[in-house]
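Only one structure is covered here, and it is reproduced in the block below.
The values are calculated or read from the model by the stated rules, or taken from the named source; none is laboratory data. Treat the numbers as computed from the prediction; the structure is a model and nothing was measured. Glycine gets a Cβ as well: all are built from the backbone with ideal geometry, and neighbour counts include every protein chain shown.
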Amino acid sequence: MLDDFFIRALIGGIGTALVTGPLGCFIIWRRLAYFGDTLSHSALLGVAIALLFEINITFAVFITSLIVAFSLLLLQRGRNLPSDTLLGMLAHSAIALGLVVLAFMTWVRVDLLGFLFGDILSITKTDIAVIWLGGLAVLATLARIWRPLFAATVSAEIAKAEGLKPDYTNIIFMVMMALVIAISMKIVGVMLITALLIIPAAAARSFSSSPEQMALIAIIFGSIAVCFGLFGSLEFDTPAGPSIIVSTLLLFIISILPNLFSIRKKKNSI
Amino acid sequence: MLHGKDKLVTLDNAGVFRSRRWLVKGVTMSVGAGEIITLIGPNGSGKSTTAMIALGLLNTDEGTTYRKENLRVGYVPQKLSIDWTLPLTVNRFISLTKNISNKDIDFALSLTDTSHLQKKELRTLSGGELQRVLVARAIAVSPELLVLDEPVQGVDFNGEAKLYGLIEETKKRLNCGILLISHDLHMVMSATDQVICLNGHICCSGTPEVVTSSSEFKNLFGNKAASTIAIYQHNHNHEHSLDGSIKSKAIIEDERNHDLNHSKDKSHA
């Protein structure tokens, strides 16, 4: 009953959730949600560049995100512009620039909606291989640099003073972010990648008492959302990418219900 | 004194220039094993900046710094803010930069009277509790150099005396060098080997007795500094234990006498 493409979508989606979970935790701990948004928006520019020079799209998106990430770091060091202005500017210019470049290339026909909101149902076996290999590489790296990265997240000063070289781990983190954006673009599209990163992580918060636990629960929530989203999209004939994000949102709402409830209880008892 | 290989950190004529002004300039100092160096000075005088140079968090624009290779550092920053999004218990926080055995965690927490907070989340702690946990963490890494940036902020008078006692004890136990930043003159005076009085540059330095009697010190802090002890005595007719209960006068007197005797010992030595 389940078609082949549906199984592929499930495997690809869960592979993505595996990395977006822990990475998403770091993004919300470090308040990088908007930064991630800017990177993922710039992925559209990467797509345009890939089509223009006829190179692999995932690779081009990875490189573009990487370049944008490091230019942001450099620009922020200058501190002439507030960083939200800078991020907003770059995010939307990258999208606009990508669209303009795409429009110039009258000879290529692109499925713009697919790039913007994901095209999970069309993923190929190669896509799955890229997602899983890239994803496992990211997970392995993350496990290696977990302590210094986490220490630098809590306090960059303590980490640096106590010899953990946070600058170095920050660079690795940026590379991982660019990689995750490149591999998850196919699943939910450039507009929704940040949502897939931060919403499962935020939903996991209420159930976690340690950072490691939160990363694990974020993976589980992400995977559940992928399954629900895909089945939902099949059932109600809705677009798959947005359906996955709606599922993460539902999970988040459920996750904060106990909190709201306990606050009311406390108020009543006073 | 400079570049002695027995020193943990040495700053030679160090200066940091940011936003078109010198944050500090011409700072020469060093911390050796078993020494307590205290930095004092008014707000914006470059105390934290100097500590950050010593820690390697800031690069100097002038002068040189030397740090012992692979120096094990314990750092208590001035403040730390933890978001709701970060689930971080006290226990987990202690082994933030290094694996620390449960036994050592328990020991560090018991030293700072924070054992009961072990399972609590960091962001739910009060200012004073957080400060003590920060100190516990820095001690738990068994540092060769312990740097504390105003560790008594938000800690009440009694807790302050205890915390300084603990810092002194840590020095003896680990034979580590200690760089302490403080705005509180009296309490520091009794335990420290060398006081460095900063105001963008080093105004004066030396043993606590030498510094308090120097005219630069009096210019910087006024007469208030000289009467700091008196101020404490007048303002505190009772004191609280760490749990908030009121301590008996006898205990307070006892602790005061202990402090005074201690500073007397220092001046004889």
Could you check segment A:232-253 and list, in sequence order, the residues that are surrounded by 16 or more Cβ atoms within 10 Å (Cβ to Cβ) and among the hydroxyl-bearing types (Ser, Thr, Tyr)?
A:Ser233, A:Ser243, A:Ser247, A:Thr248
Just a yes or no: is a residue in segment A:204-222 assigned to a helix (DSSP H, G or I) and of a type in the set (Asp, Glu)?
yes
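Per-residue answers, yes or no, for (1) buried (at least 23 other Cβ atoms within 10 Å of the Cβ); (2) closer than 22 Å to B:Ser182 by Cα:
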{"residue": "B:Val9", "(1), (2)": "yes, yes"}
{"residue": "B:Ser19", "(1), (2)": "no, no"}
{"residue": "B:Lys25", "(1), (2)": "no, yes"}
{"residue": "B:Gly32", "(1), (2)": "no, yes"}
{"residue": "B:Asn59", "(1), (2)": "no, no"}
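Got a number for residues in segment B:82-104 being closer than 25 Å to A:Ile145 by Cβ, more than 14 Å from chain A (Cβ to nearest Cβ) and outside any loop (DSSP other than H, G, I, E, B)? Outline the logic, then answer.
First, pick out the residues of segment B:82-104 that are closer than 25 Å to A:Ile145 by Cβ: B:82-102, B:104.
With more than 14 Å from chain A (Cβ to nearest Cβ) added as a condition, the list becomes B:101-102, B:104.
Checking the rest, the ones that are also outside any loop (DSSP other than H, G, I, E, B) come to B:102, B:104.
Adding up the residues that qualify gives 2.
Looking only at segment A:152-167, filter to residues that are assigned to a loop (DSSP other than H, G, I, E, B) and not aliphatic (A, V, I, L, M); which one of those is farthest from the other protein chains (Cβ to nearest Cβ)?
Out of the qualifying residues, it is A:Lys165.
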Identify, please: which residue in segment B:125-154 is surrounded by 20 or more Cβ atoms within 10 Å (Cβ to Cβ), among the aliphatic types (A, V, I, L, M) and outside any helix (DSSP H, G or I) and is, among those, modelled with the lowest pLDDT?
B:Val152
Filter segment A:59-83 for residues that are among the polar types (S, T, N, Q) and at pLDDT below 90; which is nearest to A:Gly114 (Cα to Cα)?
A:Ser71
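May I ask you to verify whether B:Asp113 is assigned to a loop (DSSP other than H, G, I, E, B) and more than 24 Å from B:Thr49 (Cα to Cα)?
Working: assigned to a loop (DSSP other than H, G, I, E, B): yes; more than 24 Å from B:Thr49 (Cα to Cα): yes.
Considered against the rule, which asks whether it is assigned to a loop (DSSP other than H, G, I, E, B) and more than 24 Å from B:Thr49 (Cα to Cα), B:Asp113 comes out as yes.
Listed here are the residues, each with its yes/no results for (1) among the hydrophobic types (A, V, I, L, M, F, W, C); (2) touching a helix residue (DSSP H, G or I) at 6+ places or on another chain (Cβ under 9 Å).
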{"site": "A:Arg77", "(1), (2)": "no, no"}
{"site": "A:Asp119", "(1), (2)": "no, yes"}
{"site": "A:Ile123", "(1), (2)": "yes, yes"}
{"site": "A:Thr126", "(1), (2)": "no, no"}
{"site": "A:Ala129", "(1), (2)": "yes, no"}
I'm checking my understanding of the structure. Among residues of segment A:15-59 that are of a type in the set (Phe, Trp, Tyr) and either within 14 Å of another protein chain (Cβ to nearest Cβ) or touching a residue at least 24 places away in the same chain (Cβ under 8 Å) (or both), which one is surrounded by the fewest Cβ atoms within 10 Å (Cβ to Cβ)?
A:Phe59
Of the conditions (1) in contact with a helix residue (DSSP H, G or I) (Cβ under 8 Å, 6 or more places away or on another chain); (2) at pLDDT 90 or above; (3) over 30 Å from A:Ala215 (Cα atoms); (4) not polar (S, T, N, Q), B:Gly41 fails just one. Which one is it?
(2)
